[in-house]
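What follows is a set of notes on a single structure, which appears directly below.
The values are calculated or read from the model by the stated rules, or taken from the named source; none is laboratory data. Just so you know, these numbers come straight off a predicted model, no measurement behind them. Counting neighbours? That spans all protein chains shown, and the Cβs are built from the backbone with ideal geometry, glycine included.
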Amino acid sequence: METRELICIGCPLGCPLKVKTEQGQAPEVTGNTCRRGEVYARKEVANPTRIVTSSVSVEGGRQKVVSVKTREDIPKEKIFAVIEALKGVKVQAPIQIGDVIVSNAADTGVDVVATRKCPVLNDLL
């Protein structure tokens with residue numbers, strides 16, 4: 001059995017976790033002060049995932065770029081593939097929060113969506 005040390009990202013407390021691992025599973029988690037820590041540790045050991053954030057170019061908008069993120073977490077090993085899929089992406093203004101920018105990014109089954117609105121350059125506030 002192996003022991004891994006993690007810092008929980010489930011809430012702002014950032015609990016130091018000790019996770020005993022065996023065959024890709026986590027039979028024992030200690031150090032968490034809430035249930036989210038245990039859930040995070042078990043998931044991190046078995047199948048680590050992340051939300052990816054970035055930005056893409058906007059044409060005809062008030063801003064030159066708009067922030068984007070994956071709608072859900074994706075497998076950690078797909079992060080660079082998603083970033084690569086966003087390279088060179090240009091969207092046309094107007095953009096609304098939640099607009100799909102890239103569907104099924106890097107074959108993850110997860111869309112990349114806008115996290116900020118971007119009106120057309122000559123639109124009034």
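Pick from the range 68-82 the residues that are surrounded by 15 or more Cβ atoms within 10 Å (Cβ to Cβ) and hydrophobic (A, V, I, L, M, F, W, C): which of them is nearest to Cys118 (Cα to Cα)?
Val68
Test Arg71 against the stated conditions and say whether it is of a type in the set (D, E, K, R) and more than 30 Å from Asp107 (Cα to Cα).
no
Which residues, taken from the range 88-108, are on the phi > 0 side of the Ramachandran plot and exposed (fewer than 11 other Cβ atoms within 10 Å of the Cβ)?
Passing the criteria: Gly88, Asp107.
Quick test of your reading of the structure: Arg42 fulfils all but one of (1) within 30 Å of Glu5 (Cβ to Cβ); (2) over 16 Å from the mean Cα position of the chain (by Cα); (3) not assigned by TED's automatic domain parsing to the domain that holds Gln23. Name the failing condition by number.
(3)
Would you check if Arg35 is farther than 25 Å from Ile97 by Cα and in contact (Cβ under 8 Å) with a residue 40 or more places away in the chain?
For Arg35, the condition - farther than 25 Å from Ile97 by Cα and in contact (Cβ under 8 Å) with a residue 40 or more places away in the chain - is not met.
Looking at the range 88-104, I want the residues that are free of Cβ contacts under 8 Å to residues at least 60 places away in the same chain and under 9 Å from Val56 (Cβ atoms) and have a partner that is surrounded by 13 or more Cβ atoms within 10 Å (Cβ to Cβ) and of a type in the set (Ser, Thr, Tyr) with Cβ atoms under 8 Å, at least 6 apart or on another chain. Which pairs are those?
Correct list of pairs: Val89/Ser57; Lys90/Ser57; Val91/Ser57.
Conditions (1) farther than 30 Å from Val120 by Cβ; (2) free of Cβ contacts under 8 Å to residues at least 40 places away in the same chain; (3) out of contact with any Pro (no Cβ under 7 Å at 6 or more places or on another chain); (4) exposed (fewer than 13 other Cβ atoms within 10 Å of the Cβ), marked per residue:
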{"position": "Lys20", "(1), (2), (3), (4)": "yes, yes, no, no"}
{"position": "Ala26", "(1), (2), (3), (4)": "yes, yes, yes, no"}
{"position": "Ala46", "(1), (2), (3), (4)": "yes, yes, yes, yes"}
{"position": "Ser57", "(1), (2), (3), (4)": "no, yes, yes, no"}
